[in-house]
Amino acid sequence: MIIVVFNQKGGVGKSTISTNLAAQSAKLGHKTLLVDLDAQGNSTHYAGFNPNEESLSVADMFKQVVGIFRTAKKPAEFVHPTPFENLYVMPSSPALADVERELESRYKIFKLKDALKELKDEFDHIFIDTPPNFNFYSKAALIAADGFCVPFDCDDFSAQAIDHLLENATELKEDHNPELKLLGIVVNQFNSQAKLPKELIDTLKKKGLPVLESYISATVKVKESHSKRTPVPFYLPKHKVARQIAALFEELDANKL
Ligand SMILES: Nc1ncnc2c1ncn2[C@@H]1O[C@H](COP(=O)(O)OP(=O)(O)OP(=O)(O)O)[C@@H](O)[C@H]1O
Ligand SMILES: [Mg+2]
C-alpha cells in the first residue's frame, strides 16, 4: 500500500504525520519505506537518517531519469536504512529543486510510479511526504499512490484551502490515476479545550468530507521528538499522542488498499 500525505498548504503536519505513520508501521514489524519528496528534507531528518557522501537520494534517482547522472541504478539503490528497525528512507536532497523543471518539461511524471512499482513487493507499506505545493513532486506522488490523506491543522485558512486542494487531486485522479483513494482528512494539532477546532471539523464533516476519527493532539512532545530525531512511536511509546498515531495507522490500514 502506497500512501501519500498531501496538502499544498505549508506547515499543516505532512512531515510529522508521514514520518510517524511510517514509524508506527515499522514498529509493528512491517517493512516500511518513507519517501521524502520535499527539498526541505524534514522527514528524512526526523526519521534519523544520516547521509554519507555515497548515499544516493531521491533527487539522484530523478537525475538519472533525465540523464544528468548517466547511471542505471535500480530504485532499491536509493533506499537506505534508518536507526529504527524496519524503517527505510528514500531521502530528500536540496537538489530536488534543481531537477524539477527538467523533469516537468520532459514529462517524467510517471517515473516515480515506475520506481515504486519495483519496490512495492519488497515493502509492506510505503509512505510519501510531499512539499507544500501542487508541483511536479506532489503530482508524481499522487500518481504513484494507492491512496492519500490530508493533514488539517484546525486552522481557518487551512479549512478554506481544502476544497481547492481536493479539486486538484480529483482532476489528477481522473486524468492519471483513477484508482487513487482519498483515505481521509487527518486532524492534526487538535486542542480539545478550544471551540474553534471542533467548529472547523464540523464544517468539514457537513460538507461530506471524510474526516478520520483518530485526531492527533497539539503537544510539545511532537516538537521534542523532532528535535530528538526520533518519531513519537519510538520516542514516547506510552504517550497519548503515540496512541493517537497508532489509532490513525490502524484506521488507514483498515482501508486495506
Ligand atoms: N501534533 C502536533 N503538535 C505540536 N506541534 C506540531 C504537531 N504537528 C506538527 N507540529 C509542528 O508544526 C510545524 C509544522 O509541522 P510539519 O513540518 O510536520 O508540517 P508540514 O506540513 O510538513 O510543513 P511543510 O509544508 O513546511 O513541509 C512543526 O514545527 C511541527 O513541530
Ligand atoms: Mg514537511
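The values are calculated or read from the model by the stated rules, or taken from the named source; none is laboratory data. For clarity, every value in this text was computed on a predicted model and none was experimentally measured. Reconstructed Cβ throughout: ideal geometry from the backbone, glycine too, with neighbour counts over all protein chains shown. These area figures cover heavy atoms from the full protein model, side chains too; ligands, DNA and RNA do not enter into them. Shrake-Rupley method; radii C 1.70, N 1.55, O 1.52, S 1.80 Å.
Counting charges near residue 68 (Lys, Arg +1; Asp, Glu -1) among other residues having Cβ under 15 Å from its Cβ returns a value of +2.
Taken along its principal axes, the alpha carbon cloud of the chain reaches lengths of 56, 39, 30 Å, longest axis first. What separates the Cα centres of the range 7-71 and the range 202-221 is a distance of 25 Å. Counting only protein heavy atoms and using a 1.4 Å probe, the accessible area of residue 149 comes to about 0 Å². Using the Cα coordinates of the range 1-108, the gyration tensor eigenvalues translate into equivalent-ellipsoid semi-axes of 23, 17, 12 Å, sorted from longest to shortest. Counting only lysines at least 8 places from residue 195 when in the same chain, those with an alpha carbon closer than 25 Å to its own are 9, 14, 205, 206, 207, 221, 223, 240.
A cut-off under 11 angstrom between Cβ atoms defines the neighbours of residue 84, and their net charge, with Lys, Arg +1 and Asp, Glu -1, is +1.
Rounded to two decimals, the Cα radius of gyration of the range 93-174 over 2.2 N^0.38 Å is 1.20. Taking amide H as placed 1.01 Å from N in the peptide plane, residue 134 has no amide H partner under 5 Å among residues 5 or more places away or on another chain. Extension gain, residue 220-residue 95: 0.36 nm per intervening residue step, less the Cα-Cα distance, totals 41.9 nm.
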